[in-house]
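Encoded as structure tokens, the structure appears first; notes follow it.
Coordinate-derived values only; no laboratory data. Keep in mind it's a predicted model, so treat the numbers as computed, not measured. Cβ: placed from backbone, ideal geometry, glycine included. Neighbour counts: every protein chain shown.
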Amino acid sequence: MPLPEWQGVSCLWGGLLAGVGVFYYSDVLTAAATGVTNPLLLVPLVATGFAAGCSVGANAAPGLTWLARHL
């Protein structure tokens, strides 16, 4: 599989894991950010978590691919 495909798969997995983590801790994160629990902030928080996880996954893909080939 070429590297851009690995980056896409890593982006999806990283985004999914980060989005689930943000969803699980959404009450704590919204209280930390605003001081109150606000359910309207759930969607922007999960979207931000997905975008951050996608970026980390896509940027880590070349290193993970190299490790997989050399171990």
Listed candidates [x] 19, 28, 21, 16, 11, 5, 1; [y] 17, 35, 28, 15, 5, 1; [z] 22, 38, 23, 13, 4 - label of the one calculated as P(r) over Cα pairs in 10 Å bins from 0, in percent: [z]
Residues of segment 12-35 with amide N under 19 Å of a point placed 7 Å along Cα→Cβ from V56: 12-30, 32-33
Mind telling me which of A61, A33, A52 comes out most flexible in a GNM of the chain, alpha-carbon contacts under 10 Å? A33
